[in-house]
Every structure is written in structure tokens, then in C-alpha cells.
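Colleague: Below: one structure in C-alpha cells.
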Amino acid sequence: MPDLRFHSRRVTARGVPTHDLHSDGPGGPPIVLIHGLAVSHRYLMPVARALAGRHPVLIPDLPGFGKSGKPDRAYDVSRHAEHLAAWLDVLGLPRVCVAGHSFGAEVAARLAVLRPDLIAAIVLASPTTDPAGRSRRALIGRFAVDLLVEQPWQAPVLARDVADARPWRVLATVGHSVRNAIEDDLRRLPVPPLVLGGALDPITPLRWRAEVAAMSGGVSVTIPSAAHNVLTTSARRSAAAITRHLRATTREWARSGTLPFA
């Protein structure tokens, strides 16, 4: 049954019809949730619902995924970030909190570096790719291990998303992920991020998340009993952490005398 708080929309950005679900909120920075490399808006709906009512929430499908247009080639990190910047420009939003999960965290970090004028806050949830596992074989192997500790009810949603994207696009995006040195972006972020992850995550383990926080000047928060898909399986606790981070960020903007998202 559809969630009546969320509305479907398609706009064209950089020549690609781009689908999103969005929900109005009481104020503060809109939260843009960016999905990972094999999925779509669908698996992020638990955290989107948990955040709805506190902030405006938008969940776009990246080009090639979900209900968005399907380019002939898989986009790399930079092209996805450029596309999202153009999409935000089309929508005419104020500065946003960009919250990326997994490969989406790589895209969020690149977007923040390319267009800091669009950014109010940053959340990097389960950010790939840990340099200790930065190869196709290693990353796919870690995803396989993660399947053993994820909640099984996610399987039908994930299977549908992979079918929509096509396996070739998923594999090509794995290649783009492992060729992207996220460290270069982490050291240049315009605001300190929240680095969020699950205690059981074998893809982005606590050690790597601590390094991400140290490089970016951010804070690391770990959700107990959650694996890689922390925004899906621990939506309420993730939403609470994101909300706390936005409150802290809002206080920092207020101290600077600027509230660009008010």
C-alpha cells in the first residue's frame, strides 16, 4: 500500500528523466537520500518514513536505477554527482542535507565537493570503499558475507532493484566504486559529516568508518545489531542519529549568522 505522505515525480536533468519520491516537512534542511550501487529509492523507504514529518525528504533514483531513465552506460561517481547537482538546480531547493548510503555515500561526498553551495549537512552511511577491500573481487566478496547477516525480508526489494538496473549496470558500477578514491573528497568536504554504520557491517567495518570520520573531521556513530543496510533495518535509530546531526549542524549555521535553508 503506498505511503500517502510521499509523492512520485519525474523531472528531466541533463537529458535523463529522473524519478524521486518526496515528502513535505515542517522546515529545516531538506534531506536527500542517495541509494547504493544495485538498488533504488525502495530500500531507503524505512528511513525516509522515519524522517518524514521532521524534515522534507527526497529519495531520487540515480540514472539507470529504479524508475529513472536508463542511459546506455553506467555512470561513474562524478557523473552521478553532476547529475544530482543538475537535478537539485531544476528543483530549485535551498541547501540540503545529502545523505548517501554505500556507493551513494561516494556520490554524496563528490557532490559536496563539486557544489558546496548546495550543501547544508552531510551523512555518509556505510560509505564504500574501504581501501583494504578496494577491488571488484574483494567488494563482491564482502557483499556476499553481508548477505549472511542482513535481515532476509529485504531480499524481494533488492531483487527487484537489481532487475530494474540490469546486472551489467550493477557490475559496471562496482567497477566505478572501486576505482574511486573517496579519501580525496573526504579531505575537502565543506562541512563535517555524520559517518553512520552498523556494528555487524563487513563491507564498511568500524575501523574504516573511524578513518572516514578522522579524514573528514566528522563524527562516527555505530548502530548495534545492524549490518550494511543500516538505513533499512535500523531506520528509527538511523533517523534519530541523522536528526541529532542536523540539529548540531543547524546550531553551527546559526552561529555563523546564516540559515540558508530556512
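Read-outs: derived from the displayed coordinates by stated rules, not from any lab. Computed from a predicted model, the values in this text were never measured in an experiment. Counting neighbours? That spans all protein chains shown, and the Cβs are built from the backbone with ideal geometry, glycine included.
Colleague: Does segment 129-149 hold any residues that are of a type outside the set (Gly, Ala, Ser), in contact with a helix residue (DSSP H, G or I) (Cβ under 7 Å, 6 or more places away or on another chain) and outside any helix (DSSP H, G or I), and which are they? Quick ask: steps written out before the conclusion?
Modeller: Step one: of segment 129-149, the residues of a type outside the set (Gly, Ala, Ser) are 129-131, 134, 136-137, 139-140, 142-143, 145-149.
From what is left, the residues that are in contact with a helix residue (DSSP H, G or I) (Cβ under 7 Å, 6 or more places away or on another chain) are 129-130, 134, 136, 139-140, 142.
Those that are of a type outside the set (Gly, Ala, Ser), in contact with a helix residue (DSSP H, G or I) (Cβ under 7 Å, 6 or more places away or on another chain) and outside any helix (DSSP H, G or I): Thr129, Asp130, Arg134.
Colleague: Tell me yes or no: at least one residue of segment 59-69 is without any contact (Cβ under 8 Å) to a residue 60 or more places away in the chain, part of a strand (DSSP E or B) and either crowded, with 24+ Cβ neighbours inside 10 Å or of a type in the set (Val, Ile, Thr) (or both).
Modeller: Checking segment 59-69: at least one residue is without any contact (Cβ under 8 Å) to a residue 60 or more places away in the chain, part of a strand (DSSP E or B) and either crowded, with 24+ Cβ neighbours inside 10 Å or of a type in the set (Val, Ile, Thr) (or both).
Colleague: Within segment 56-90, count every residue that is over 14 Å from the mean Cα position of the chain (by Cα) and among the β-branched types (Val, Ile, Thr).
Modeller: Count: 1.
Colleague: Return yes when Leu189 is in a loop (DSSP other than H, G, I, E, B), over 24 Å from Pro205 (Cα atoms) and of a type in the set (A, V, I, L, M) and no when it is not. Break it down into steps so the answer makes sense when it comes.
Modeller: Details: in a loop (DSSP other than H, G, I, E, B): yes; over 24 Å from Pro205 (Cα atoms): no; of a type in the set (A, V, I, L, M): yes.
It is false that Leu189 is in a loop (DSSP other than H, G, I, E, B), over 24 Å from Pro205 (Cα atoms) and of a type in the set (A, V, I, L, M).
Colleague: Which residues, taken from segment 209-259, are in contact with a Lys or Arg (Cβ under 6 Å, 6 or more places away or on another chain), assigned to a helix (DSSP H, G or I) and small (Gly, Ala, Ser)?
Modeller: Selection gives nothing.
Colleague: Give me a count of the residues in segment 223-251 that are in contact with a Pro (Cβ under 7 Å, 6 or more places away or on another chain) and among the hydroxyl-bearing types (Ser, Thr, Tyr).
Modeller: 1
Colleague: If you scan segment 112-128, which residues turn out to be without any contact (Cβ under 8 Å) to a residue 60 or more places away in the chain and either buried (at least 20 other Cβ atoms within 10 Å of the Cβ) or not in a helix (DSSP H, G or I) (or both)?
Modeller: Step one: list which residues in segment 112-128 are without any contact (Cβ under 8 Å) to a residue 60 or more places away in the chain, which gives 114-115, 117-118.
Hits for segment 112-128 are Arg115, Leu118.
Colleague: Looking at (1) in contact with a Ser or Thr (Cβ under 7 Å, 6 or more places away or on another chain); (2) of a type in the set (A, V, I, L, M); (3) assigned to a helix (DSSP H, G or I), can you tell me which one Leu196 breaks?
Modeller: (3) is the only condition that Leu196 fails.
Colleague: Of the residues Ala99, Ala81, Ala50, only one is among the small types (Gly, Ala, Ser), within 25 Å of Gly218 (Cβ to Cβ) and in a strand (DSSP E or B); which? Working first, answer last.
Modeller: Values: Ala81 fails: in a strand (DSSP E or B); Ala50 fails: in a strand (DSSP E or B).
It is Ala99.
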